[in-house]
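Notes follow the structure.
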Amino acid sequence: LYTITVTAFSAAIETTEVIFEDFEVTAILAPIASAPIPPARSEGDVIGIFSEAYPYDENNDFIPFWGQPNPGYSADIFDLNGDLMLQYTNLSYQGIQLANATDVSQMETLHVDIWTPDDIDAKISPISPGPNEAAFDLDLNPDEWTSFDIPLSFFTDANPLVDLTQIIQ
């Protein structure tokens with residue numbers, strides 16, 4: 001709780017002062033605007049994981065429990081004026097288990113939009129059986145959307161065992 005004093009000065013002799021005691025500041029924990037709209041793409045040029053713009057397999061598991069240690073860990077659908085997005089809470093480690101192994105070898109980039117209220121360290125890794133993965137560091141901006149178009153070649157250059165014909169997570 002805070003006490004805020006507002007003082008209004010004018011060219012006149014008197015000033016006006018108003019004191020707001022016990023003013024509560026509420027942190028913004030979810031976006032108040034939708035993610036930026038990426039350039040339009042043909043459906044054949046996109047493999048959706050979770051999106052309202054493109055089809056995706058609704059059997060993807062967005063909250064597979066892999067022993068994450070944080071209490072209260074969850075994933076929910078967040079509805080912002082009809083724009084649905086995934087909202088994760090209390091993350092330590094999170095992945096998405098794809099319903100089926102997915103061939104992304106003909107794709108060029110991995111596009112993701114992320115909003116976070118915190119200044120956190122995050123990485124993203126497409127994972128193929130083995131498991132084989134290579135992590136890309138995400139430089140996130142707190143309290144705003146950060147968009148990435150990551151060349152898929154980054155992952156195979158960093159780890160040649162990443163098999164883009166069989167992405168499972």
Worksheet item: If Lys and Arg each add +1 and Asp and Glu each add -1, what is the summed charge of the other residues whose beta carbon sits under 13 Å from the beta carbon of Y93?
Response: -1
Worksheet entry | Rounded to the nearest 10 Å², the accessible area of E14 at probe 1.4 Å | 150
Worksheet item: All other residues with a Cβ under 10 Å from the Cβ of F148 taken together, and with Lys, Arg as +1 and Asp, Glu as -1, what is their net charge?
Response: -3
Worksheet item: Tell me, what is the Rg over Rh of the range 34-125, with Rh the Kirkwood radius over Cα pairs?
Response: 0.95
Worksheet item: Hey, what do the phi angles of the range 72-78 turn into as Karplus ³J(HN,Hα) couplings, whole Hz, using 6.51/-1.76/1.60 and θ = phi - 60°, x for Gly and Pro?
Response: x, 5, 7, 9, 9, 7, 9
Worksheet entry | Value of [θ]222 nm, deg cm²/dmol, for the chain, DSSP H segments ≥ 4, -39500 (n - 2.57) each, nearest 500 | -1000 deg cm²/dmol
Worksheet, complete the sentence: Kirkwood calc, the range 123-169, C-alpha pairs only, radius in angstrom 11.5
Worksheet item: Simple spin-label model, 7 Å along Cα-to-Cβ: D45 to N70 in nm?
Response: 3.5
Worksheet entry | Accessible surface of F136 - all protein chains present, 1.4 Å probe, nearest 10 Å² | 50
Item to complete: Taking only the C-alpha atoms, wrap a convex hull around the chain and report its volume per residue in Å³ as a whole number.
Response: 178
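The values are calculated or read from the model by the stated rules, or taken from the named source; none is laboratory data. Not measured: the values here are computed from a predicted model. So basically every Cβ, Gly included, is an ideal-geometry build from the backbone, and we count neighbours across all protein chains shown. Note: areas computed on protein heavy atoms with side chains; ligands, DNA, RNA excluded. Shrake-Rupley method; radii C 1.70, N 1.55, O 1.52, S 1.80 Å.
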